[in-house]
Amino acid sequence: MAKTFELETLKIRLNDADFRLLTLHQRIQRALRALIVDGALGPGVKLPATRALAASLGVARDTVENAYVQLHRDGFIERRKGSGSYVSGTVGAELRGAARRRLKLQEDGHAATAPGAGLSRRGRLILESGGVADQRVIKAFATGLPETRTFPTEVWERLQRQALKDYRGNVLLHGDPQGAEPLRKAIAVYLNLERGAKVSPEQILVLSSTRQSLFLCAQLLVDAGKPILMENPGYFGARKSFESAEARVVPIDVDAQGVRTDLLRADRSGAACIYVTPSHQYPTGATLSLERRLELIGWAAEQGKWLIEDDYDSEFHYDGLPTACVQGLDKYRRTIYLGTFSKTLYPGLRMAYMAVPRELVSAFVYARSIMDGHTPQILQLTLARFMEDGHYNAHVRAMRKLYAGRREAMLAAIGRHLGGIVRASRPEGGLQIPCFLEPGWTEEATIRQAAGAGVQLLGMSRLYLGPEARPGWLLGYAHLTAHEIETAMARLASALRRN
Ligand SMILES: Cc1ncc(COP(=O)(O)O)c(C=O)c1O
């Protein structure tokens, strides 16, 4: 620790990039404070008189005086009448003590800067298993992305202006944690008419994403260390939410008809709920047969389990009408329905919803209020108008037509370029196509080679729980024009064949 003040050390600190935007006296004050905190200026060190320091730095005396006043007020320096300004002894002692304690920890091998140090067990679990990466730079063939270039931004802007004008008194204040009433009403009408659900606005919660819905389900329905059932293969984001709540995820295999309800009946894990994607199984694309839907409902009713139905992209069904959701068939009210606007509108919107059985509403609303309060009011009210005025259904219809054409373009491009490399099944809907690798091709190598050619492939293996994974990729196409699909596919094929 320095015993005397060194002008050069202060000058170096004054040029610190962190202080660039501050006023001159703030910079001097921050620089001196940093020197004291770092121990470069020890307790009792005398600071230069304000006039002398001002002259050395070429600034007005008042500037230095203001810096000293602030340091004094914060307790970093003492100002003794007739004697001068000194680094405070008490602050110095406290800082020295903290430094000693830190040093000791480091010597003992508990360096406070090690990743994960100071985290809870749950915090460490999250750190070690990582987050869910979102697509920020759009690449072929990223999954789950809708076309955003055709979104009717002018209509949205007009409705947002209207909502701001009409709800001016409320929209800037806090809103209902359950969601704005007009939006909950619009969602309930939509679900009952379009998805065959049986819900009322009182059962709807407006949230920021399906992931938030899943996080809440994990918090409220599963105790730490207890099991939750999940389709295998299944949605990575769901698994992450459950695991981060310290739930034990138990896989239930999927076949061509969706989740295997025979395995469900045989399950003895004691799990209180199951996560399923009945309309369009993620990632295989299977539609859960009616027989299995009824079995699923019967199982939940008889055994008092919860069904978490993730209906993430059911709006995009291209061959005939989509099957009605499980929630509408479930007369025993064991289903928690999840929907999202990430696919039907745009993912940056961050809006989704749940329809929960009445007895669960309060718990979910309380948990949501603790988590983040509510979704931005202005967005909710704009979306309510967008739905009430028919723009939502019109947009979904237009996108359904667009994506149906792109699905054909994608299947044709796969046939043209990837023969002998993958086998693709024709999905009835959704924004992506599952492809399985032919013998002789490995998932890891193909993903690496594709990345080298600027093409993003989501490997199937990471979507399986357990070692028995069928190697392949899930290819997103909805955000790409036919021309973009063709170019990227040709690039992918040549990268794979070259290697
Ligand atoms: C099965 C499934 N559910 C939910 C979501 C995500 O929805 P959100 O963006 O609302 O979290 C996705 C996104 O890819 C998904 O694949």
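Determine if region 412-429 includes at least one residue that is closer than 28 Å to K185 by Cβ and among the aliphatic types (A, V, I, L, M). Scanning region 412-429, I find no residue that is closer than 28 Å to K185 by Cβ and among the aliphatic types (A, V, I, L, M), so the answer is no. Reported count of residues in region 225-244, each being without any contact (Cβ under 8 Å) to a residue 40 or more places away in the chain and on the phi < 0 side of the Ramachandran plot, is 2. Answer with yes or no whether G459 is surrounded by 16 or more Cβ atoms within 10 Å (Cβ to Cβ), free of Cβ contacts under 8 Å to residues at least 24 places away in the same chain and under 29 Å from the mean Cα position of the chain (by Cα). The answer is yes for G459. Among the conditions (1) away from the ligand (no atom under 16 Å from the Cβ); (2) over 17 Å from T210 (Cα atoms); (3) aliphatic (A, V, I, L, M), L221 misses just one, which is (2).
Pairs meeting the criteria (first residue in region 133-146 and in contact (Cβ under 8 Å) with a residue 40 or more places away in the chain, second residue within 9 Å of the ligand (Cβ to nearest atom) and of a type in the set (D, E, K, R), beta carbons under 8 Å, at least 6 apart or on different chains) are G144/D313; G144/K343; P146/K343.
What do you reckon, is Y318 touching an Asp or Glu at 6+ places or on another chain (Cβ under 9 Å) and within 16 Å of the ligand (Cβ to nearest atom)? No: the conditions fail for Y318.
For region 468-496, a residue qualifies if it is at pLDDT 95 or above and either among the hydroxyl-bearing types (S, T, Y) or surrounded by fewer than 17 Cβ atoms within 10 Å (Cβ to Cβ) (or both), and the qualifying residues are Y477, T481, A482, H483, E484, T487, A490, R491, S494. Listed conditions (1) within 16 Å of the ligand (Cβ to nearest atom); (2) at positive phi are all met by T340, apart from (2).
Check whether at least one residue in region 300-312 is among the aromatic types (F, W, Y) and crowded, with 21+ Cβ neighbours inside 10 Å, and report yes or no. The answer is yes, given that some residue of region 300-312 is among the aromatic types (F, W, Y) and crowded, with 21+ Cβ neighbours inside 10 Å.
Criterion first (more than 16 Å from the ligand (Cβ to nearest atom) and either modelled with pLDDT under 95 or within 27 Å of S369 (Cα to Cα) (or both)) does A238 satisfy it? Considered against the rule, which asks whether it is more than 16 Å from the ligand (Cβ to nearest atom) and either modelled with pLDDT under 95 or within 27 Å of S369 (Cα to Cα) (or both), A238 comes out as no. In region 395-415, the residues that are touching a residue at least 40 places away in the same chain (Cβ under 8 Å) reach residues that are in a helix (DSSP H, G or I) with C-beta atoms within less than 6 angstrom, at least six apart or across chains, in these pairs: A409/A482; A409/I485; M410/I485; A413/I485; A413/E486; A413/M489. Take the conditions out of contact with any Asp or Glu (no Cβ under 8 Å at 6 or more places or on another chain) and under 24 Å from Y190 (Cα atoms) and apply them to I378. Does it pass? So I378 fits the description; yes.
For a quick check of your reading: which strands (runs of 3 or more DSSP E) sit entirely within region 241-341 and have at least 2 residues that are closer than 25 Å to A404 by Cβ and within 29 Å of the chain's Cα centre (by Cα)?
306-310, 335-340
The values are calculated or read from the model by the stated rules, or taken from the named source; none is laboratory data. Not measured: the values here are computed from a predicted model. All Cβ positions, even for glycine, are placed from backbone atoms using ideal geometry, and neighbour counts span all protein chains on display.
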